[in-house]
Amino acid sequence: MSFSASVLTLYPEMFPGALGLSLAGRALETGTWELDAIQIRDFASDRHRTVDDTPAGGGAGMVMRADVLAKAIDHTSPPGDPRPRLLMSPRGKPLTQSRVRELAAGPGVVIVCGRFEGVDQRVIDARGLEEVSVGDFILSGGEPAALVLLDAVVRLLPGVMGNAVSGDEESFENGLLEHPHYTRPQEFEDRQIPEVLTSGNHKKIAAWRRAESERLTRERRPDLLAAHPLVK
Ligand code: SAH
């Protein structure tokens, strides 16, 4: 069975977007995963197809209505749907590679994309939406965040990445940032490829890469190092 993604959005035209190209696009064509973009507005009940209203308690902006969103969710993901229901949200738990791996191992995902000031809290609670953030900054809508999440998940699906090995050695997979890469030409604007990499000594190369990984992580992400079981 293929991985099934349903995205609830006011802008279904944004999908598959970038995910229609390259590895994800090919996997979509071959049926490794499927993507359904659902227009939330189709579940509004009034003539103007209203999906938002002014915030209770006052203030700027608009809030997405609980009733309209609940109808869209119930249609897309009825009780018994095994897929986790996510809400893209800057208030959510920051997305990590380990959560991405969990999602990729599951049956799929239902993703709600917020717009305006956000979503009525009652639908988040009533439908058990898991809030997920892609970083400490504010996007204008959840759609780019959903594309980011799906890109990270889809590349891990069986058969999507040509060279399956490369997935295991990347930044975060072992709790460290990845070492630098080099390729031909041997000399570029007076800069050489580090000698060890052309030495043919695989043990030395592995040691150099590991040391570079630790150096970069120490310089750039001491928080990752603090959480690392082996490196101190
Ligand atoms: N008023 C909100 C921001 C709303 S931005 C606040 O201050 O928290 C509008 C929508 O964009 C959100 O509902 C969410 O779906 C999406 N969004 C914005 N930033 C995001 C982020 N960093 N990660 C995931 N989704 C985000």
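Can you tell me the accessible area per residue over the chain, all protein chains present, probe 1.4 angstrom, in square angstrom?
59 Å²
Using helices alone, I'd like the mean residue ellipticity at 222 nm for the chain: each DSSP H run of four-plus residues gives -39500 (n - 2.57), total over residue count, nearest 500.
On the way: 7 runs with 71 residues, N = 232.
-9000 deg cm²/dmol, from helical runs alone.
Given a cut-off of under 8 Å on Cα pairs at least six residues apart, what relative contact order in percent is computed for the chain?
Numbers: 331 pairs, mean separation 43.8, N = 232.
It comes to 19 percent, rounded to a whole number.
When only alpha-carbon atoms are used, what values of Rg and Dmax, in angstrom, describe the stretch 140-208?
When restricted to the Cα atoms of the stretch 140-208, Rg and Dmax are 17.1, 50 Å.
With all protein chains present, how much of the accessible area of the stretch 169-232 (probe radius 1.4 Å) comes from carbon and sulfur, to the nearest whole percent? Write out the running numbers ahead of the final one.
Working: 2600 of 4990 Å².
Using a 1.4 Å probe with all protein chains present, the stretch 169-232 comes out at 52 percent carbon and sulfur.
Restricted to Cα positions, what overall size does the stretch 85-218 have along the principal axes? Three whole-Å values, descending.
61, 31, 25
Mean shadow of the chain, computed from the convex hull of its alpha carbons, in nm²? Walk me through the intermediate numbers first.
Values: hull surface 69.5 nm².
Dividing the Cα hull surface by four gives the mean projection, 17.4 nm².
Rounded to a whole number, what % of the accessible area of the stretch 1-155 do carbon and sulfur atoms account for, probe 1.4 Å? Display every interim value, and only then the final one.
On the way: 4220 of 7910 Å².
Whole-percent figure for carbon plus sulfur exposure: 53.
Rounded to the nearest 0.05, what FRET efficiency is calculated for Lys93 and Ser45 with R0 set to 25 Å and r the Cβ-Cβ distance?
Details: r = 33 Å, r/R0 = 1.31.
Using R0 = 25 Å, I get an efficiency of 0.15.
At a Förster radius of 30 Å, what calculated FRET efficiency corresponds to the Cβ-Cβ distance of Thr198 and His228, to the nearest 0.05?
With R0 = 30 Å, the Cβ-Cβ based efficiency is 0.50.
Distance between Cα centroids, the stretch 1-65 to the stretch 103-167: provide it in whole Å.
Measuring centre to centre over Cα atoms gives 12 Å.
Which angle from 0 to 90°, rounded to the nearest 10, does the C-alpha axis of helix 66-76 make with the longest principal axis of the chain?
70 degrees
The values are calculated or read from the model by the stated rules, or taken from the named source; none is laboratory data. Every value quoted in this text rests on a predicted model; they were computed, and no experiment measured them. Note: ideal-geometry Cβ built from the backbone for every residue, glycine included; neighbour counts use all protein chains shown. Note: accessible area is taken over every heavy atom of the protein model, side chains too, but ligands, DNA and RNA are not part of it. Shrake-Rupley method; radii C 1.70, N 1.55, O 1.52, S 1.80 Å.
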